[in-house]
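These notes are about the structure you will find just below.
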Amino acid sequence: ITGYTRDYTTDMASGYIIGCKNTGSVMGVDGKVAGIAAYILCDEANHNNSESVIVACYSTATVISGTSLIGLIGGYERSGSIYGSWAYKTASVSKVIGYSEYKTQPKACYAFDSAAAITEADVDAMNAAIADYNVGKSAGDYNYCPYTWRYFAGGSPVLQ
């Protein structure tokens, strides 16, 4: 979907990826490769008023490859956030984030072996994480997530 979630060099340069999907293969020739964003970057210490967020996204890529720092949703994360997202594990990648510099934990983000492994409780948790992300935001705001996941027994969740 993208190389960087935000411009790492300026103030006021937030990046939001909301409600997206990747169903194609991703093959990098170097490190930091992922199904949604190679770099999920935020640098609050040096750049004010910036945020780097992925919300309600998924990847069903069957191949995600590179030399290092490979993740299903994010390759390299530095103070960014991921809410209510999921991916299917590939033959070589099983982590949501390839490497997290500050050990940031995604909020209700999952790496599933298959559609059969997805439970209604998983989908409820993803929707709760999306609701937590939306606290203080209003429909129509540029960074508001209007989506929720719909559960299907034995199938992949669907954005609605």
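Values for this structure:
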| item | result |
| --- | --- |
| Given charges at beta-carbon only (K, R positive; D, E negative), |dipole| of segment 51-150 in Debye | 180 |
| Projected label distance in nm at Glu51 and Ala131, using a 7 Å step from Cα toward the beta-carbon | 1.9 |
| Hz values of 3J(HN,Hα) by residue in segment 89-94 - Karplus curve (6.51, -1.76, 1.60), Gly and Pro given as x | 5, 9, 4, 10, 10, 10 |
| Per residue accessible area of segment 53-160, 1.4 Å probe, in Å² | 45 |
| Rough spin-label spacing in nm, given labels placed 7 Å along Cα→Cβ, for Tyr4 and Tyr144 | 2.9 |
| Nitroxide proxy distance, nm - points 7 Å out along Cα→Cβ at Gln160 and Asp113 | 2.9 |
| Percent of beta bridges antiparallel (DSSP, the chain, rounded to nearest 5) | 10 |
| Equivalent ellipsoid semi-axes - Cα gyration tensor, segment 75-160, angstrom | 22, 20, 9 |
| Label selected from [x] 8.9; [y] 11.3; [z] 10.7, the criterion being mean projected area of the Cα convex hull in nm² as computed here | [x] |
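The values are calculated or read from the model by the stated rules, or taken from the named source; none is laboratory data. For clarity, every value in this text was computed on a predicted model and none was experimentally measured. Cβ coordinates were reconstructed from backbone atoms using ideal geometry, including for glycine residues, and neighbour counts include every protein chain displayed. We work out accessible area using only protein heavy atoms, side chains counted, and drop any ligands, DNA or RNA first. Shrake-Rupley method; radii C 1.70, N 1.55, O 1.52, S 1.80 Å.
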